[in-house]
1. Let me check the size of region 90-141 from its C-alpha atoms; what are the radius of gyration and Dmax in Å?
2. Could you tell me which residue out of T169, A124, P141 lies farthest along the dipole of region 74-210 toward its positive end? Charges go on the beta carbon: Lys and Arg +1, Asp and Glu -1, centred on the Cα centre.
3. If you line up the Cα atoms of the chain on their principal axes, what length do they span on each, largest first, in Å?
4. For region 101-204, which whole-number percentage of the solvent-accessible area (1.4 Å probe, protein heavy atoms only) is attributable to carbon and sulfur atoms?
5. Multiply the residue gap between E198 and A47 by 0.36 nm, knock off their C-alpha separation, and tell me the result in nm, one decimal place.
6. Please build a GNM for the chain, connecting alpha carbons under 10 Å apart, and tell me which residue among A178, A12, A134 fluctuates the most.
7. With a 1.4 Å probe and every protein chain left in place, work out the accessible area per residue of the chain in Å², rounded to a whole number.
8. I want to verify a result. In a Gaussian network model of the chain, Cα cutoff 10 Å, which of these has the top mean-square fluctuation: H65, H86, H73?
Amino acid sequence: MSTASLPRGLYAITPDWTDTDRLLTAVEQVLAAGAVVLQYRNKLADASLRLQQAQALQARCRHHHVPLIINDHLELALAIEADGLHLGGDDGELAAARRALGPQRLLGASCYNQLALAQSAQAAGASYVAFGAAYVSSTKPLAVQAPLALYQAACAQLDCPVVAIGGITPLNAGPLLAAGVTSLAVIGGLYEGGRPAERAAAYAALFEDS
């Protein structure tokens, strides 16, 4: 079981940048503008760079009192004493990850467009579940689509927080928030085209109004 609680608000995910200075500058702006969770995800980094970037991000997250969640890599999450771990469908067994993390760290699970997968994840100790893509995503353009009805059903039937991800903008997020999702997970919408602080503030403001 999990005793950790996912904050309500903007769930920022890092882009696949190998330039650490560029990454840290952008993330600092996103944290200062109101992100309540940061997930470190970098599919282009090798193990050494992942460790370097994760340690630097951990310091910034602690400064802003924002939990840092590591994507995919349990060993990295444990090594830097991160606040949590997020696993996709092929990234490892949730129950084993929960045992390794203990009850007080966040454990998230990607459940794509499958409510049954989310129910199993919750039973295995997930702190929250994520469905997506909510809309067409530039980060994962071929991702399966998760319909609004799925978010509505998940929020009504599950006891854990529900996260929406995929193609979410401040203009199309309303129905997801109305369905009851706890957090909006965003990658491209924060970093593509520059102005990450302005973009993060626009997402954060949605939770002030809902």
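1. Here Rg and the maximum Cα pair distance are 12.1, 35 Å.
2. Checked the options; the winner is P141.
3. Projected onto its principal axes, the Cα set of the chain covers 41, 39, 31 Å.
4. On the way: 2510 of 4310 Å².
Using a 1.4 Å probe with all protein chains present, region 101-204 comes out at 58 percent carbon and sulfur.
5. Details: separation 151, 0.36 × 151 = 54.36 nm, distance 3.15 nm.
The span from E198 to A47 would gain 51.2 nm if fully extended.
6. With Cα springs under 10 Å in the chain, the top fluctuation among A178, A12, A134 is at A178.
7. Details: 9330 Å² over 210 residues.
Roughly 44 Å² per residue, with all protein chains present.
8. Comparing H65, H86, H73 in a Gaussian network model of the chain, the most mobile one is H65.
The values are calculated or read from the model by the stated rules, or taken from the named source; none is laboratory data. Everything quoted here is computed from the prediction, not taken from an experiment. Cβ coordinates were reconstructed from backbone atoms using ideal geometry, including for glycine residues, and neighbour counts include every protein chain displayed. For the accessible areas, the whole protein counts, side chains as well, though only heavy atoms, and no ligand, DNA or RNA atoms are used. Shrake-Rupley method; radii C 1.70, N 1.55, O 1.52, S 1.80 Å.
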